[in-house]
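Input: a single structure, listed below in structure tokens.
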Amino acid sequence: MARRTKISLVGAGQIGGTMALLAAQKQLGDVVLIDVSEGVPQGKALDLLHGGPIIPTSSALSGSNDYADLKDSDVVIVTAGLPRKPGMSRDDLLDVNFGIIKTVGEAIKKNAPNAFVLVVTNPLDAMVYAMQKVTGFPTHRVVGMAGVLDSGRFAALVAEAIGVSAEDVQALVMGGHGDTMVPLIRYCSVGGIPVTHFLSQDKLDAISKRTANAGGEVVALLKTGSAFYSPALSAIHMAEAYLKDKKRVITAAAMLNGEFGYKGVYAGVPVILGGNGLEKVIEVELDAGEKKAFDASMEAVKSLVAYIDKKLAE
Ligand code: APR
């Protein structure tokens, strides 16, 4: 008999709970929510289970406080950690979330050695790097979720400014998942037409700026946490590409191996995501201005990575 696909969500908070709903709706497989908070993963799983006949879905849903329940996961999506509060940058989360990623990474290595691991916890580029180092998994099986979200935010704002469907906007936002991210206007199109046909440079610059601060804008409004619907949608989009071997062309935080002039660090770059995980980094051509912005973003990422290396060596 065929084995059922298993998706484990470590962190059953705002993003984890939303991902469980989306995974069940899409019938991607059985879903296990795992969290240190007693009752929360069980309660969310039970709540969703009650909605199963209404969705409808045949995904089994369960909650646990035990990492042993990661066993035999096909995909593990990690949101365990603290979210931002108003006034905090993603980097402010570095210390505490590194400790959490280390614990979770060791548990994944022990219980789900063949899983495809998606990291969502911030600061993203540093946390996905830490996850790869702690698990020792091949880099095509440890990927960070940020580019889908950053590109989605840029595309959504472009669609709104033009007054067209968000479905028709293609965008590419590269670099680190922070204030220095690089929206590439040259690679943005609307129904195949360059975005510059629709919007002035000033307007596009303003949208780029708003994209880089989009997460902060949501934090300032929510006050109690950070964005969760769009991050959850983005991570499930990636999990689906892997589970269905879709070969999607998306932006993800990938370990670079010489591409764009960097080696041994994670950064948001266009990739092909399919059944083998991260199948290829697409090394698009960057002009001088774009490369300069990408390099500036990588400086920010490199300082976070240096900190993680120091912590890993302790
Ligand atoms: N193991 C499992 N779960 C943990 C652990 C751990 N060691 N430590 C914390 N958690 C859980 C918390 O109990 C909480 O339920 O992680 C969950 C995080 O959920 P939220 O606080 O609701 O945060 P969320 O909005 O889901 O964001 C999670 O993703 O986008 C990033 O910046 C965001 O780092 C944050 C993460």
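So what's region 6-144 giving for Rg/Rh, alpha carbon basis, Kirkwood Rh from the mean inverse pair distance? Working shown, then result.
On the way: Rg = 14.5 Å, Rh = 14.9 Å.
Here the Rg-to-Rh quotient is 0.97.
What percent of all Cα-Cα pairs in region 107-153 falls into each 5 Å bin, going from 0 up to the bin containing the maximum distance?
Spelled out per bin, shortest first, that is 5, 23, 29, 23, 11, 6, 2, 0.
Taking the Cα centre of region 147-313 as origin, work out the dipole magnitude from +1 charges on Lys and Arg Cβ and -1 charges on Asp and Glu Cβ, in debye rounded to 20.
Working: 17 positive and 19 negative charges, 78 e Å.
That gives a dipole near 380 debye.
Please give the per residue volume of the convex hull enclosing the alpha carbon atoms of region 190-299, rounded to a whole number of Å³.
Values: hull volume 16.9 nm³, N = 110.
That works out to 154 Å³ per residue.
For region 168-217, take N as its residue count and report Rg(C-alpha) divided by 2.2 N^0.38 Å. Don't jump to the answer; show the numbers that get you there.
Numbers: Rg = 11.0 Å, N = 50, 2.2 N^0.38 = 9.7 Å.
Here the answer is 1.13, to two decimals.
Just the number, please: carbon plus sulfur as a percent of the accessible area of the chain, 1.4 Å probe, no ligands or DNA/RNA counted.
54 percent
Can you pull the semi-axes for region 1-55, root of five times each eigenvalue of the Cα gyration tensor, sorted largest first, whole Å?
Computed over region 1-55, the values are 18, 13, 10 Å.
Which order do the peptides 69-82, 132-145 come out in when sorted by mean C-beta neighbours inside 10 angstrom, highest first?
Ranked by mean Cβ neighbours within 10 Å, highest first: 69-82, 132-145.
Restricting to Cα pairs below 8 Å that are 6+ residues apart, what does the relative contact order work out to for region 1-63? Please round to a whole percent.
35 percent
Keeping every protein chain in place, order 287, 150, 179 by accessible area at 1.4 Å, biggest value first, i.e. largest first.
So, going from the largest accessible area down, we get 179, 287, 150.
How much area per residue is accessible in region 112-178 when the probe is 1.4 Å and only protein heavy atoms are counted (Å²)?
Dividing the accessible area of region 112-178 by its residue count gives 28 Å².
Defining a contact as two alpha carbons under 8 Å apart and six or more residues distant in sequence, what relative contact order in percent does the chain show?
It rounds to 16 percent for the chain.
Kindly work out what percent of the DSSP beta bridges joining two residues of the chain are antiparallel, to the nearest 5.
50 percent
Residue 255 accessible area, nearest 10 Å², 1.4 Å probe?
30 Å²
Can you give the relative contact order of region 147-313 as a percent, counting alpha carbon pairs under 8 Å and 6+ residues apart?
Relative CO of region 147-313 lands at 22 percent.
Give me the base-10 log of I(q)/I(0) for the chain at each q in 0.07, 0.10 Å⁻¹, Debye formula, one uniform scatterer per Cα, rounded to two decimals.
-0.25, -0.53
Using only the alpha carbons of region 135-268, what is the convex hull's orientation-averaged projected area in square nanometres?
9.5 nm²
The values are calculated or read from the model by the stated rules, or taken from the named source; none is laboratory data. Here the structure is a predicted model, which means the values were calculated and not measured. Cβ coordinates were reconstructed from backbone atoms using ideal geometry, including for glycine residues, and neighbour counts include every protein chain displayed. Accessible surface areas use protein heavy atoms only, side chains included; no ligands, DNA or RNA. Shrake-Rupley method; radii C 1.70, N 1.55, O 1.52, S 1.80 Å.
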